[in-house]
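Notes to accompany the following structure.
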Amino acid sequence: MRVVAALSGGVDSAVAAARLVDAGHDVTGVHLALAEKRYAGGGRGCCTLEDVHDARRAADVLGIPFYVWDFAQRFQETVLDDFLAEYSAGRTPNPCVSCNQHIKFAAVLERAQALGFDAVGTGHYAQLVSGPDGVELHRAVDPDKDQSYVLAVLDQAQLRRSLFPLGDSRKEHVRQEAARRGLLVADKPDSHDICFIPDGDTRGFLRERLGLGDGPIVDTESGRTLGQHSGAAGYTIGQRRGLFLEQPAADGRARYVVDVDVPSNTVFVGPPTRLRVGGLRVDRLRWTAMPVASADVLVQIRAHAQPVPGHLDGDAVVLREELSGVAAGQIAVFYDGTRVLGSGRIASTTPWSERALG
Amino acid sequence: MVHYLDHAATTPLRPQALAAMQAQWGQVGNPSSLHTAGRQARRVVEESREQIAALIGAKPADVIFTSGGTEADNLAVKGLARNSQRRRVLVSAVEHHAVLDPANALAEEGKIVELIPVDALGRVDVSALEQMLDDDVALVAIMWANNEVGTIQPVAEVAGLCAARGVPFHTDAVQALGQIDLDLSDIPSVALSAHKVGGPVGVGALVLDRDLAVRPLVHGGGQERDVRSGTLDTAGIAGFAAALAADKPDLAPLRDALVDGVLRVVPDAILNGDPVDRLANNAHFSFPGCPGDALLMLLDAAGVAVSTGSACTAGIPQPSHVLLAMGADESVARSSLRFSLGWNSAPEDVDALLSALPAAVERARRAGGL
């Protein structure tokens, strides 16, 4: 097959590309320029030059052609605008999921196909397995690195054109393999931050972009204002640290962020019991293969959260174990064992105390 | 087999240049040393200087060797402007970044940098320049020929205009050298590069009138007229002279065949730049609806090396400032490719392009994204 290997400049995508070459594919390395011009060091705007350099050197080592594809505008119009719109609506988005859905396995895949490629391969840790209703998306072998969660928005057409060569490997082996292959990025640290917020200050980014000022932190139990925050967007449900309450709650117990209202720029805090969730309602449902109307599933609400059992029925999920700190906008991913069935965006939650088991 | 159609980026080393450099690499001797070995090296440098000067109609004493065209442009633009009390610096809107970026640096130092407009063919508007000239202009810089679209500028006319007004004039002749018979006798400041004519990368020259005072960029031993310091690259300079002295084929017939062929196989392609007053080795087209970078990749895969004209260091195609200055919209500016010929180009190179191009255009158009 003719394959585009997305080369981020990191170790995983480099080894993934190497394995695609070994598998006999005709591989072309492509680095995606997604960043805005504010990363530029000089007059002409560019992306993170170090990552481009590392990606280029990996392609050199593998002996494959290398190009940079500029998707900065598309990234801005989909992932970044969605990120800001979700936060302004009081939801907590996952931009990596959004990027996979709109950029890596949509814009890039479309361009690759138009230019005569058959598939896009990435360094994601997830497994693709042939099954009775097509290609199945499964968790990676390495539970610490499993990225099936951020790929759960891919549909069958996207999965059929995707290759994840690292799904059967553990991270430490991938690093060893990179060193063995002479890839200079073998020791490069993993990236954890949101790529377009390189300093990791999500709240500062949102404050600037959404034009937010200071606002009150209000206790749901007493209705009293306990302190000030520096812009409601960016506070996460379940968050306890960094609130800097000026006075303790009346009952003297710890307070957690239980709700964020961006339109009124208010952060609500409450006792931990307020965080216990027993049910979800989701929208934007997407399925990796056949739609699922009703099933017992495992539900995972963050990239590295523990999945909990529940029952999915239409757009409603009744949980059999409680979840804590669930924010609207997060992606709920539904698993059958290790297999990803699909995903939905959390629209609302119901308290654990009110759950009605069918 | 690679069909190399990017000679304007760099062209293969001429065998004569290689031989001249090989003759020097084994020798010891700093051209500034006073002993026999030093004098031997100095003799090679000075003979090369005289040979280069003779080939371009300049005085040997005006030739200041540099590390390349970019340094020569920087030395002229910054060196002349910084040496002047006058505040305004006029540069054409289609200059290479080797001129634009030093001009921008001057703007940060308090100079007033203004762009001289060009017409739809990329030719500077001389009457606009005439209007812009006054007693406060420290420098005018207009390239001899454009590196992207190949348009040759009315350099002699501009030089005369500037001389009449007492304004120093600099021209970047990096693309023109070897393509046009240059006569620099009436041009006060000219930047040249060796590797564009089949010499080595890392050697260039500023050909500067002795009576023009310039402030140095690089201080040190003062080797070149006290204007440029650094040990002279004897071998590289010998290679530069040998490459420039080598016979130059007339590339216009092959270039015309390329242009005719492209317009035949892609009828809606648009030839950019001046159709007549253009470099003999340059053809530059817009392919409506085709992202230039996709076209480049597809041609590369077919063994044909071309250029989108401008890319930043990361390899991301930027819409060309040259085409934008010529009035093209951004999507046209992103859909352009430059094909450039050189001393060893052959009809087979053009044939390879013409056979790969239609399918590549069709595919790139499907990829869209403009």
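All of the numbers you see were taken from the coordinates with simple rules; none came from a lab. As the structure is a computational prediction, the values presented were derived from the model and not from experiment. Every residue, glycine among them, receives a Cβ derived from its backbone with ideal geometry; neighbour counts consider all protein chains shown.
Database remark: amide H of A:Gly121 closer than 5 angstrom to the amide H of A:Val4, A:Ala5, A:Ala6, A:Leu163 (H placed geometrically; neighbours at sequence offset of 5 or more, or on other chains; Pro and chain starts carry no H). In vacuo Debye scattering of chain A, one point per C-alpha: log10 I(q)/I(0) at q = 0.15 Å⁻¹? So the normalised log intensities are -1.31.
Only lysines eight or more places from B:Lys248 in sequence, or on another chain, were considered; those with a Cα closer than 19 Å are B:Lys196. Please compute the Kirkwood hydrodynamic radius over the protein assembly as shown, one decimal place, Å, based on all pairs of different Cα atoms. After inverting the mean inverse Cα-Cα distance, the result is 29.5 Å. Using a simple spin-label model with pseudo-atoms 7 Å out from Cα toward Cβ, A:Asp315 and B:Leu263 lie 5.9 nm apart.
3J(HN,Hα) along the stretch A:65-74, derived from phi through the Karplus expression 6.51 cos²θ - 1.76 cosθ + 1.60 where θ = phi - 60°, amounts to x, 9, 9, 9, 9, 8, 10, 4, 5, 4 Hz, with x in place of Gly and Pro. Think of the protein assembly as shown as having a plus end and a minus end, set by charges on the Cβ of Lys, Arg, Asp and Glu; of A:Ala5, A:Pro95, A:Leu298, A:Leu298 sits farthest toward the positive end of this dipole. Counting only Cβ charges, +1 for Lys and Arg and -1 for Asp and Glu, the dipole size of the stretch A:274-354 around its Cα centre is about 280 debye. Take each residue of peptide B:95-103, count the partner chain Cβ atoms within 10 Å of its Cβ, and average: the result is 1. Counting every Cα pair in the stretch A:218-358, what percent are over 27 Å apart? The proportion of pairs with Cα distances above 27 Å equals 28 percent. For the stretch B:205-326, the spread of Cα coordinates along the three principal axes comes to 56, 35, 31 Å, biggest extent given first. The angle between the Cα long axis of helix B:234-245 and the longest principal axis of the Cα atoms of chain B comes to about 60 degrees, rounded to the nearest 10. If you plug the beta carbon distance of B:Glu114 and A:Asp187 into 1/(1 + (r/R0)^6) with R0 = 60 Å, you get a FRET efficiency near 0.75. Dividing the Cα radius of gyration of the stretch B:15-245 by its Kirkwood radius returns 0.98 for Rg/Rh. Consider a paramagnetic label point 7 Å from the Cα of A:Ser353 along Cα→Cβ; state which residues of the stretch A:222-251 have an amide N under 14 Å from it. Flagged as within label range: A:222.
For the stretch A:202-270, averaging the sequence separation of C-alpha pairs within contact (under 8 Å, six or more residues apart) and dividing by the residue count gives a relative contact order of 35 percent. Averaged over the residues of peptide A:109-115, the number of Cβ atoms from other protein chains lying within 10 Å of each residue's Cβ is 5.
For A:Asp82 and A:Asp336, FRET efficiency with R0 = 35 Å and r from the beta-carbon atoms, rounded to 0.05?
Rounded to the nearest 0.05, the efficiency is 0.80.
Dividing the mean sequence gap of close Cα pairs (under 8 Å, 6+ apart) by how many residues chain B holds gives a relative contact order of 24 percent.
Cβ-Cβ distance of B:Ala302 and A:Thr236, R₀ of 41 Å, FRET efficiency by 1/(1 + (r/R0)^6): the value works out to about 0.20. A straight Cα-to-Cα reach below 24 Å connects B:Lys111 with the lysines B:Lys78, residues fewer than 8 places away in its own chain not being considered. In a reduced charge model with +1 at each Lys and Arg Cβ and -1 at each Asp and Glu Cβ, the stretch A:16-169 shows a dipole moment near 340 debye about its Cα centre. Taking packing as the residue-averaged number of other Cβ atoms within 10 angstrom, the listed peptides A:89-100, A:236-247 run from highest to lowest as A:89-100, A:236-247. The charge dipole of the protein assembly as shown, taken about its Cα centre with unit charges on the Cβ atoms of Lys, Arg (+1), Asp and Glu (-1) only, comes to about 1420 debye. Gyration tensor over the Cα atoms of the stretch A:202-270: the corresponding equivalent ellipsoid has semi-axes (square roots of 5 times the eigenvalues, largest first) of 21, 11, 10 Å. Which residue fluctuates most in the GNM of chain A (Cα springs below 10 Å): A:His53, A:His102, A:His311? Taking springs between Cα atoms under 10 Å, the residue moving most is A:His53.
The modelled label-to-label distance for the pair B:Ala107/B:Glu348, using points 7 Å beyond Cα in the direction of Cβ, is 4.8 nm. Of all lysines in the structure, those lying under 21 Å Cα to Cα from A:Lys145, and not within fewer than 8 positions of it along the same chain, are A:Lys104, A:Lys171, A:Lys188.
What is the stretch B:132-257 by shape, rounded, prolate or oblate, if you read a ≥ b ≥ c off the alpha carbon gyration tensor as root eigenvalues and call it rounded for a/c under 1.5, prolate for a/b larger than b/c, and oblate otherwise? Because a/c hits 1.5 or more and a/b fails to exceed b/c, the stretch B:132-257 counts as oblate.
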